Amino acid sequence: VELNLRARVRAGDPEAFGELFEENARAVYNHAFRLTADWAVAEDAVSLTFLEAWRHREVVEPEGGSLRPWLLGITVNVVRNMSRAARRHRAALERLPPVPPVPDFADELAGRMDDAIALRRVQASLRGLRRGEREVVALCVWAGLDYAQAAAALGVAVGTVRSRLSRARANLRKLVAAKGPVDREPGERGGQEQDGRENATRSLQEVPDE
Amino acid sequence: MNSHRRRDGEIRELARLLPVPAERDLPAGRAQTIKEHLMTELRTREGSVPVPRHAGRAPARRPRARRMILVAATGAGVLGLAAVALVLTIQPAHRTASPGAPTAAQLLAKIADAAARQANPAVGDNQYEYVKVTVRTAGEKEHFIRDKQGNVIGNYFTPTGTYSQAQTETWSPVADVCRDGMSRSATGQEERFTAKGPGVKCPDSGGLNDPTYRLLQSLPTDPRTLLNLINTEEKGHGPGPAAEAFTTIGDLMRGQVVPPQVSAALFRAAALIPGVTVVPDAMDVAGRPGVAVAFDSHSRLANGRSENVRQEWVFNQSTLQFMGEGTVADGIVTSASAVLDRGFVDRLGEVPAGTRKR
């Protein structure tokens, strides 16, 4: 019978962090991508999340469920303060072997671009939300956490998660009403040109200064 | 269970509103590299209390060619388009107030006095507050970076200078967020919404992020107390307490009807936020000229770049009534809204009699 993972993480057992990484790196990577729309930045966020998790390991309670909500909460903070986290772990990051110089295959790259494009479109909508709402959406809608887990990850009350989600939904409806569905196909690969709105903008420009 | 089904419904709707790309693995080999690196790092710190590495001696930056291109290109794109922003209604103001112009605190004091003089309607628990706004959001154009062979190696976005703008009407329950509210889009499409969900004890008057009129009425009217309450509620969010307080107050103003005394207290609270400035010649997205107060903050983007974010609230020049708000990031308006009408009605879908302005 092995000592429970939480206890080992809390005790600072590197092997436990290895297991934690194996089980959660993918979830952290995708979560970071959804918060940033940038796969390369998401890669850095993976490293930073686990380095920060190590730094804060003593906050892990010995009893409890999956540590994933805790990690995703750290990812939110890492992304929020990317430069600060990067500064803190600069030496460690410097030692991380660099991404091998390009020859990514064109197909793979294209797929990455497509994902990023789709997400940027979503993010145009997300920008209309407040950060607290965005973070809750990323945790509850995309990472599949329940309200209690998201609350624990963000260090807020369950009621706060609930109200932010509810508010996010109301705001998104307004944005969708204003902008049309976010998942509509872009006209070109050139992305989302808004149609027929030049006039609205121009007429405003012509309003004389009083 | 009912509450679960409601929660699932809410999550499903959000998922539908915000579809995302499928999950993917870390690039081949990369996961292993990162893991090995992590294990090495941890072993060298094993058992010791983790101490931040000394950052004074900066080792040479490791090359991340692809990233550098992206960041540089994004920066250039934004700079190149800065001129576009100047034609927009909410301008990034390096405008300096003329001598003798009021300070932000003085202006906000007048705005608060004007707000306090507004009629205080009797509102029934079963009524709805009606808000009609026009919302404008920025269009974006995507740019690709190619290598010599023509392969796409990066992308970035710049504002197109085009905007979509549409009106939305919202009916929100006055006393209980568990009751149905409704929104109606510019095309006439109607949707019901409710805050019912797990852990919600009904009735519920909402919170600072989804307040009912009754909740707003219960807020303290002492500006300092109110600001402290906002700071406590929003602790840890936003670039800092000042920026987050300004955002919170702006959200309350644009989204609903605010009782006169609370409205006055919110503006007096805003006057206590350090860094609020006056923009003498502003215009809301409905094209109405006015005077604005603004708050500038910096937020760090994921790519490490710093973004200047300016939030403005626009007020009618003579009546000092709140007209609209907007956000400008790096000189580009990212979103803005203007209140066209608000008031109270008895039923979903009704509009206030006599069309109160603002």
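Listing for the model above:
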| read-out | value |
| --- | --- |
| The range B:207-234 residues that are in contact (Cβ under 8 Å) with a residue 60 or more places away in the chain, paired with ones that are among the acidic types (D, E) and not in a helix (DSSP H, G or I) (beta carbon under 6 Å, 6 or more apart) | B:Y213/B:E129 |
| Considering residues of the range B:85-120 that are part of a loop (DSSP other than H, G, I, E, B) and at pLDDT 90 or above only, the residue surrounded by the most Cβ atoms within 10 Å (Cβ to Cβ) | B:Q118 |
| Residue count for the range A:21-36, restricted to those that are at pLDDT below 90 and among the hydroxyl-bearing types (S, T, Y) | 1 |
| All helices (runs of 4 or more DSSP H) inside the range B:171-278 with 3 or more residues being at pLDDT below 85 and within 19 Å of B:A294 (Cβ to Cβ) | B:241-255 |
| Of all residues making up the range A:126-173, the number that are touching a residue at least 60 places away in the same chain (Cβ under 8 Å) and assigned to a loop (DSSP other than H, G, I, E, B) | 3 |
| The one condition in (1) within 21 Å of A:A152 (Cβ to Cβ); (2) modelled with pLDDT of 90 or more; (3) at the interface with chain B (Cβ under 7 Å from one of its Cβ atoms) that A:G18 fails to fulfil | (1) |
| Residue satisfying all of: in the range A:34-83; over 10 Å from the mean Cα position of the chain (by Cα) and among the β-branched types (V, I, T); nearest to A:D115 (Cα to Cα) among these | A:V41 |
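Here's the yes/no breakdown for (1) out of contact with any His (no Cβ under 9 Å at 6 or more places or on another chain); (2) at pLDDT 75 or above; (3) under 27 Å from B:L38 (Cα atoms); (4) more than 7 Å from every other protein chain (Cβ to nearest Cβ):
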| site | (1), (2), (3), (4) |
| --- | --- |
| A:G65 | yes, yes, yes, yes |
| A:R88 | yes, no, yes, no |
| A:A91 | no, no, yes, no |
| A:G128 | yes, no, no, no |
| A:E135 | no, yes, yes, yes |
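The values are calculated or read from the model by the stated rules, or taken from the named source; none is laboratory data. What you see is a predicted model, and the numbers here were worked out from it, not measured in a lab. Cβ: placed from backbone, ideal geometry, glycine included. Neighbour counts: every protein chain shown.
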